[in-house]
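The values are calculated or read from the model by the stated rules, or taken from the named source; none is laboratory data. If you're wondering where the values come from, they're calculated on a predicted model, not measured in any experiment. Reconstructed Cβ throughout: ideal geometry from the backbone, glycine too, with neighbour counts over all protein chains shown. Surface accessibility is based on the protein's heavy atoms, side chains included, excluding ligands, DNA and RNA. Shrake-Rupley method; radii C 1.70, N 1.55, O 1.52, S 1.80 Å.
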Amino acid sequence: MIKDNICILNEEISAAAKAGRFGQDVTLVAVSKTHPAEMIMEAYDEGIRDFGENKVQELLSKYDELPSDIRWHLIGHLQRNKVKYIVDKVWLIHSVDSLKLAETIEEQAAIHGVDVNILIQVNISHEESKFGIDKDELISLLRAVSIMKHVHVQGLMTIAPFTEDPEECRWIFRELKNLSIDIDALKIDNIRMKILSMGMSGDYRVAIEEGSTMVRVGTAIFGQRDYTII
Ligand SMILES: *Cc1c(COP(=O)(O)O)cnc(C)c1O
């Protein structure tokens with residue numbers, strides 16, 4: 001089942017990239033939160049190497065248990081006191097939404113002697129999530145992060161609200177893409193807009209048409225999550 005789902009997703013992702021205006025490459029991040037190692041290994045055996053978790057503890061236990069060539073993505077809200085546990089284990093942190101959090105990551109990255117790639121989470125819709133920085137505060141955050149030695153901004157992330165019709169979220173993805181173009185034009189040191197992390201199981205096609213380069217897909221790969229077992 002996981003195998004078939006990934007096969008279908010890969011096709012849908014290429015089709016959506018072709019249908020859009022940007023012709024970009026899209027990375028599929030398999031969101032494995034709540035799912036056991038065996039299911040992750042099924043996806044791994046299909047060639048998936050990018051996995052997303054939203055809780056530090058869960059990421060850590062899977063990190064220890066699973067192959068070392070997995071690229072772990074932290075996609076959920078990150079508390080500052082937990083940064084020290086993951087700073088040398090994550091490939092990309094998608095959910096940085098404050099200067100304080102970026103400063104803590106910088107501090108811990110220096111201690112561990114590592115470079116950390118991050119995305120800034122932007123709250124475009126103000127509906128689904130209380131997390132994410134307001135777009136009006138984005139540029140000043142980026143300027144502050146740009147002088148950091150170990151933290152490197154690679155792009156932006158957003159979470160669209162759940163809707164029956166993903167077309168309702170198209171404007172959100174378009175707005176994030178436009179923001180990234182505007183920021184790119186500013187040519188701020190140490191700030192790249194290479195990655196746009198947007199699109200989940202319900203809306204990844206629309207997100208890709210609007211320029212997403214990284215989709216975070218859980219349910220469409222692994223099926224429904226059962227939160228009662230963890
Ligand atoms: C859980 C989660 C996803 C995956 O959602 P699905 O609808 O299962 O694809 C994507 N992004 C974030 C931030 C999540 O927490």
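Before moving on, here are some points about what is shown:
- Relative pair counts by distance (%), Cα atoms of segment 75-230, 5 Å bins: 2, 9, 19, 21, 19, 15, 9, 4, 1, 0
- To the nearest 10, the accessible area of Leu186 is 80 Å² with a 1.4 Å probe.
- With semi-axes defined as the square roots of five times the eigenvalues of the C-alpha gyration tensor, the equivalent ellipsoid of segment 89-162 measures 23, 13, 9 Å, largest first.
- Thr213 accessible area, 1.4 Å probe, all protein chains in place, Å² to nearest 10: 30
- Net charge of neighbours whose Cβ lies under 15 Å from the Cβ of Ala185, counting Lys and Arg as +1 and Asp and Glu as -1: +2
- Added length on full extension, which subtracts the Cα-Cα distance from 0.36 nm per residue, Arg174 to Lys187: 2.6 nm
- Over the chain, relative contact order from alpha-carbon pairs under 8 Å, at least 6 apart, %: 23
- Rounded to whole Hz, the Karplus (6.51, -1.76, 1.60) HN-Hα couplings of segment 206-212, x for glycine and proline: 4, 4, 5, 4, 8, x, 4
- Accessible area of the chain belonging to carbon and sulfur atoms, whole % at 1.4 Å probe: 49
- In order along segment 102-107, the Karplus-derived 3J(HN,Hα) couplings, from 6.51 cos²θ - 1.76 cosθ + 1.60 at θ = phi - 60°, round to 4, 5, 5, 5, 4, 4 Hz, and Gly and Pro are given as x.
- For segment 138-197 versus segment 55-104, the spacing of their alpha-carbon centroids is 19 Å.
- Those GluC sites (Glu not before Pro) in segment 155-197 that DSSP places in a loop and that have at most 16 other beta carbons within 10 Å: Glu164
- Summed over the residues of segment 106-155 and divided among them, the accessible surface reaches 50 Å² per residue at a probe radius of 1.4 Å.
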